[in-house]
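First the structure, in the form of structure tokens, and then the observations on it.
The values are calculated or read from the model by the stated rules, or taken from the named source; none is laboratory data. Bear in mind the structure is a predicted one, so any value in this text is a computation, not a measurement. We place every Cβ from the backbone using ideal geometry, glycine too, and count neighbours over all the protein chains shown. Note: areas computed on protein heavy atoms with side chains; ligands, DNA, RNA excluded. Shrake-Rupley method; radii C 1.70, N 1.55, O 1.52, S 1.80 Å.
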Amino acid sequence: MPFPAHLRKKVARRRILRFSGRLIQLALGAGFIGWFFYNFFGLDLVKVNQEMALEGVVTKREVNRQHFNWYLNHDESARYDFWSFEPGDAATRQQITTDSLAFIRSTGDASGYTYYNTLGYYLRPGARLRKAAHSSYITVVQNHQVTRWKYRP
């Protein structure tokens, strides 16, 4: 016995709504998973290395799982990683050692002394950076002090 016309329309409408709901659910789920992987695995993270040229002003610092990420020139579409740079000359090493020792004395924590001797820890918003392409040195002007840092892979 065939369904009356109004029941067929109801069943068809119900199937269409159920199918469209599942499509929306699938699209939102895929979007959320993509967003999660993008943020969790740092796909927007730019590791500054020897080959790239860089010039700009640090505008923001973000701490993610005890790892500092930096934003340059008010552009929040890319995060920069400066952890591969160590003091590049004696004057910079002396300045950083003095600052690190003062920090260790004030906090009493000497466990991460080498951690304090990296550019990633040293940078603050407002610092100006300049690095030529294919150069292993980056120059930082911060608080009226000029320091040079060397890339260590």
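Give the carbon-plus-sulfur fraction of the accessible surface of segment 114-153 in %, rounded to a whole number; probe 1.4 Å, heavy atoms of protein chains only. Show your work: numbers first, answer last.
Details: 1110 of 2230 Å².
Its accessible area is 50 percent carbon and sulfur atoms.
Under 5 Å between amide hydrogens, which residues at least 5 positions from Ala127 or on another chain qualify, with H placed 1.01 Å from N in the peptide plane?
Here Val58 satisfy the definition.
Could you compute the FRET efficiency for Lys60 and Ile33, with r as their C-beta to C-beta distance and R0 at 22 Å, rounded to 0.05?
Values: r = 27 Å, r/R0 = 1.22.
Between Lys60 and Ile33 the formula returns 0.25.
Each residue of segment 137-153 in turn: what ³J(HN,Hα) in whole Hz from Karplus with 6.51, -1.76, 1.60 and θ = phi - 60°, glycine and Pro shown as x?
Result, ordered by residue: 10, 10, 9, 10, 10, 9, 6, 6, 10, 9, 10, 10, 10, 10, 6, 10, x Hz.
Treating cross-link reach as a plain straight distance, find the lysines whose alpha-carbon is under 20 Å from the alpha-carbon of Lys150, omitting any fewer than eight places away in the same chain.
The qualifying lysines are Lys47, Lys131.
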